[in-house]
Structure formats: C-alpha cells, structure tokens
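Each remark here refers to the structure printed beneath this line.
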Amino acid sequence: MMRKLLSVGGFTLASRITGFCRDMLLAWILGKGILSDAFFVAFLFPNNFRAIFGEGTINPAFLPRYAALQARGEKAQAAAFANGVFSWLMLGQLVLLALALIFMPQLIAIVSPGFVNNPQQFDLTVSLARVTFPYLMLTVVAVQLSAMLNAVDRFWAGAAWSNLLNLSMIACLLAWHWFPDAAYAAAWGVLLGGVAQLIFIVWAGAREGLWLRISWPRLSPEIKTFFVAIGAVTIGQASVVLAPLIDTVIASLLPTGSRTVLYYADRINQLPLGVLGIALGTVLLPEMSARLARGDRAGSDAAQNRSAAMILLLTLPFVFAFLAIPGTLMRAVFAHGAFDAEAATLAGQVLAAYGLGLPAMALIRILAPTFYARHDTATPARATIIAMTCNIALKFVFVWGFGLGVAGIALATAFGAWINVGVLTWIGKNRALLVIESQFLRALPAALLAAMATGAGAWLGAHLLRAHGDIAALASAIICAALGYGAVLLLFRGRLPLGRAA
C-alpha cells in the first residue's frame, strides 16, 4: 500500500506544485477584481459539475464493482460493464453540455446574482463559462479510465493527468496578450488542458489494454445496479456541489474580490488535502474492495486504520501552521503584481478558517470506503446531505449573524466537514462495519504532538525574520516547523504507522 501511496502522492504533489504555480500566475495577472471574479465563477461550473459526474460519482459507484470483477478474474464482464457505463455517461454529457451552453446566462444569474447589476462583468462571466464548460465532458472520460487503471493497480497515470490542465493554463496565461484579455486566456487554458488530459489518459489506458468503446446505451442488469448506486451518490454529490454554489452566491453579495480571496485560500487548503487525503483515498477504495471481495475483512480493516492514522499525522500539522501564520503565508505567496497585501491578509483569515476542517475533509475519504467498498453508496450520500444542510445554514449564521464576512463561508465549510465525519463514524460503528484498532489509537497522541510542534515552530520562525519581509519569514517558518515536526516523529516513531503500510 505504501508503494501505491507514494506513486499517487508523488504525482499528486507534482500536480499541486504546477497548480500552485498556476495560481500564483493567476494572482499576478488577474489580481482581485472583475476579471478574476468572472473567471473563477466560470471555472466553478466544470469543477463542481465534475464532482457530480466525475470522481465524486464514478469512483464510488463504478470502481468497487469494476475492481471486484477484475479481482475475480472476470475480465470480459468487467470490460462490458465499463463500456456500458461509458455509453450512458456520454449520452448524459451531450445533453448537459447542450443545455448549459443555451441557458448559461440564466445559470450565471442564479449563482452570481450580484453580477447582474454589472452588465460588463455578467456578460464576461457568461462568455468565459461557455468556453470552460466543455472541459467537463473531456474530464469525465479521463476519470473513468483512471478508475479502471486504479482497479488493476496502475495508479500513476490517474494521478499524473491533472498536471496537464495546470500546464495548459500556465502556457495560455503567459501568452495572454494573444487573447481578448487575461481571463479569456485562462478560460481557453482550461479547455485545452482537458483535451491534453484526454489524449494522455487514453494513451495510458491503451498501454494496459484498457479501452472504452461507445455503443447505443442498453439497460443490462449490471447497468441498472450501477444506476441505483450512482443515483444515491449523485444526490449526495449534488449537495456537495450546492455548498460551493451557495459560497459563490454569498461572495457575489460581499465586496468585489471576495470570490477571488475565497478561491486562493481554498487552493492553499487543498494543497495538503489533494496530496495526502486524495492519494490515500484513491489507494484505499480499490484495496478495500478487492480484499472484501476475497473475504479478507481483517486486512480491509487494518488498511483503513493505517490510512486514518497516516492522514491525521500528515494533515494536523497543516492545521496548526495555518492557524499560526495565515497572513504571512498568503502574503509571501500571493501578494505580488495585481494581488495586493491587503487582499492576501484577508485570504489568510479565510485560510485559517478552512484549515480547521482540513483533517475532517481528509478523513471523509477514509471513512466513505467503509460503505463504498461494500457497494453501499446511499449511506455516505445521506451523511453528506446532513452535513451540507448544516454547512449551508451555518454560512448565513457566520457571514451575517456574526459578521465574519468571507471568512464565515470557510468556517461553515470546516464545521460541515466535521459533521460529515461524525455521521459516517456513528453509522459505521452502529452497523459494526467500522473498527477502530489499537494502531490508530496509539498513533493519535503522537500525531497531535507533532502538529503542535509544527505550529509552534512556524510561529517562532515567522517572528524571527518578520522584519526582513514575508518571504524570509515564511522560509524561516517552514524550516522551524519542519524541525519541530521531525523531532516529534523521531521521538515517537515506534507509535506511528510509518513504514508499516506495505
């Protein structure tokens, strides 16, 4: 498992680094204003619909069934199942794309009502969204092929292909003078990135003998079962998508630039989540599915507990660092070009709020396979709906009730993630599906101590070189935080799952 995790985590880390460079370039060129707000709303559509039609539904509804067929050696049946799913997905995507292109003005008016009073910003957002939306269809194909590769223990390609979107956007942003404006350059970068991703993942699948063939969609018994599963997942994922859309609505009613600030803070928060949480979840789901298909319940439970201990050991330090030096971090990274120090400081407040929910967002990816690996997609969907309902209600309370502004949006997201973890844990324990083993409990105190040492080191390092500017302060904070974290790991290495996740 560790070898697979390193493969996924390594390529995911590369993706986060290229994404980080992309975001720095976006901040430098677009700044915080009409162009940036318009682009990020346009980019929201393919990103959030991808949660419904991409990894968020294909992985839990498709991958466990496909992996189980592969584990039993039923390769012909697995291929037929994959092709049937693909044919139905493409039909749905064509219908969705046509409707989105036609009714894009109405969609923008719904998700960003504050833009309606600014015709220039509204028209720009509509145009950009029509450019970015076709990315969804391209990425859905890549997601299904990635799931098929993961099911046969080929993880690298599924983790590597996301780099191509970032590289494409960087290339277009560098050549933005050839476009009507920089926002159009970023939007066309999204679409061209989708084309590059599709070509790459088709090539990777072909190397392993995996293809997707389209035919007239038919309702076989396997496809009917898949639709039941994906229906439950889609309901849950729709609620996940609803929360960011509510974020966009609320942010459009706040001062100009609020949507941009929210985006950059979330991108930093997503860095550890994407590298660590997604990597572990990606590896864990097919492993649990295959073990349960072979009747190895003990091995499945052990893999899940190792993953949970590892995820807390790796994400908790970021929480304490985000709370200790949020302003320093955001100013050092983004306060350049058109994105000023005031905007970066505000983004730091949002980052601190997001960070409180980071471990929960990662744990959800470890807890959900408890049900997905058993072909139960309804339970995580119900948990998500409960959590998202609380999340949305809390947004209004925090933003206007407590006057927290854009930081209140992020804080509600963090609370919602912990509610989701609580519901999944409670249901899993009640059904005797979730076992909390001693290896997890032994690692928890050491993980907390490592996190506190990281936060203290970050705060101390930042204050040592504060007078020399934010970049020097951040560099000092990283060094001191790493020393504190490493010292605790060395001291308590016997209690941690390091090197035992093979």
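The values are calculated or read from the model by the stated rules, or taken from the named source; none is laboratory data. Keep in mind it's a predicted model, so treat the numbers as computed, not measured. Cβ: placed from backbone, ideal geometry, glycine included. Neighbour counts: every protein chain shown.
When you look at residue 493, is it of a type in the set (D, E, K, R), surrounded by fewer than 16 Cβ atoms within 10 Å (Cβ to Cβ) and under 24 Å from residue 442 (Cβ atoms), yes or no?
Against the criterion (of a type in the set (D, E, K, R), surrounded by fewer than 16 Cβ atoms within 10 Å (Cβ to Cβ) and under 24 Å from residue 442 (Cβ atoms)), residue 493 qualifies.
Those residues that are exposed (fewer than 13 other Cβ atoms within 10 Å of the Cβ) and part of a helix (DSSP H, G or I), I need them from the range 175-198; list them, please.
Of everything in the range 175-198, those that are exposed (fewer than 13 other Cβ atoms within 10 Å of the Cβ) and part of a helix (DSSP H, G or I) turn out to be 177, 178.
Out of all the residues in the range 227-242, is one or more at pLDDT 85 or above and aromatic (Phe, Trp, Tyr)?
no
Conditions (1) farther than 13 Å from residue 246 by Cα; (2) within 18 Å of the chain's Cα centre (by Cα); (3) buried (at least 17 other Cβ atoms within 10 Å of the Cβ), marked per residue:
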position	(1), (2), (3)
392	no, no, yes
396	no, no, no
407	yes, no, yes
413	no, yes, yes
422	yes, no, no
426	yes, no, no
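Give the residues of the range 1-25 that are surrounded by fewer than 17 Cβ atoms within 10 Å (Cβ to Cβ) and modelled with pLDDT under 70, sorted by residue number.
2, 3, 6, 10
Does the range 26-37 hold any residues that are crowded, with 23+ Cβ neighbours inside 10 Å and either among the β-branched types (Val, Ile, Thr) or farther than 13 Å from residue 185 by Cβ (or both), and which are they?
Scanning the range 26-37 gives 27, 32, 37.
Would you please name the residue that is farthest from residue 215 (Cα to Cα), looking only at residues in the range 83-113 that are out of contact with any Phe, Trp or Tyr (no Cβ under 6 Å at 6 or more places or on another chain) and small (Gly, Ala, Ser)?
Going through the qualifying residues, I end up with 112.
Output yes when any residue across the range 120-135 is assigned to a loop (DSSP other than H, G, I, E, B), farther than 18 Å from residue 25 by Cα and among the charged types (D, E, K, R), and no when none is.
For the range 120-135, residues assigned to a loop (DSSP other than H, G, I, E, B), farther than 18 Å from residue 25 by Cα and among the charged types (D, E, K, R): absent.
Looking only at residues that are of a type outside the set (D, E, K, R) and surrounded by fewer than 24 Cβ atoms within 10 Å (Cβ to Cβ) in the range 145-154, which one is nearest to residue 194 (Cα to Cα)?
Of everything passing the filter in the range 145-154, 149 is nearest to residue 194 (Cα to Cα).
Name the pairs: first residue in the range 137-154 and under 11 Å from residue 208 (Cβ atoms) and at pLDDT 85 or above, second residue buried (at least 22 other Cβ atoms within 10 Å of the Cβ) and hydroxyl-bearing (Ser, Thr, Tyr), Cβ to Cβ under 7 Å, at least 6 apart or on different chains?
The qualifying pairs are 148/66.
Evaluate the following for residue 245: is it surrounded by fewer than 16 Cβ atoms within 10 Å (Cβ to Cβ), more than 23 Å from residue 87 (Cβ to Cβ) and of a type in the set (A, V, I, L, M, F, W, C)?
So residue 245 does not fit the description; no.
Does residue 437 satisfy the condition of being of a type in the set (Asp, Glu), modelled with pLDDT under 95, closer than 25 Å to residue 309 by Cα and surrounded by fewer than 20 Cβ atoms within 10 Å (Cβ to Cβ)?
It is true that residue 437 is of a type in the set (Asp, Glu), modelled with pLDDT under 95, closer than 25 Å to residue 309 by Cα and surrounded by fewer than 20 Cβ atoms within 10 Å (Cβ to Cβ).
Enumerate the pairs (first residue in the range 273-285 and surrounded by 24 or more Cβ atoms within 10 Å (Cβ to Cβ); second residue anywhere and modelled with pLDDT under 75 and among the polar types (S, T, N, Q)) with beta-carbon separation below 6 Å, excluding pairs fewer than 6 apart on the same chain, so at least 6 apart or on different chains.
Pairs that qualify, where the first residue is surrounded by 24 or more Cβ atoms within 10 Å (Cβ to Cβ) and the partner is modelled with pLDDT under 75 and among the polar types (S, T, N, Q), are 279/12.
Output yes when any residue across the range 269-276 is more than 28 Å from residue 256 (Cβ to Cβ), assigned to a helix (DSSP H, G or I), at pLDDT 85 or above and polar (S, T, N, Q), and no when none is.
no
Filter the range 351-390 for residues that are under 19 Å from residue 261 (Cβ atoms) and either part of a helix (DSSP H, G or I) or acidic (Asp, Glu) (or both) and give the result.
Across the range 351-390, the qualifying residues are 351, 352, 353, 354, 355, 358.
Using the structure shown, decide if residue 81 is among the hydrophobic types (A, V, I, L, M, F, W, C), at pLDDT below 85 and under 21 Å from residue 218 (Cα atoms).
Against the criterion (among the hydrophobic types (A, V, I, L, M, F, W, C), at pLDDT below 85 and under 21 Å from residue 218 (Cα atoms)), residue 81 does not qualify.
Scan the range 106-119 residue by residue and report those that are without any contact (Cβ under 8 Å) to a residue 24 or more places away in the chain and either part of a loop (DSSP other than H, G, I, E, B) or buried (at least 19 other Cβ atoms within 10 Å of the Cβ) (or both).
The answer is 116, 117.
Residue check: is residue 251 modelled with pLDDT of 75 or more, more than 16 Å from residue 409 (Cβ to Cβ) and crowded, with 17+ Cβ neighbours inside 10 Å?
No.
Out of (1) without any contact (Cβ under 8 Å) to a residue 12 or more places away in the chain; (2) of a type outside the set (Phe, Trp, Tyr); (3) within 30 Å of residue 463 (Cα to Cα), the odd one out for residue 313 is which?
All conditions are met except number (1).
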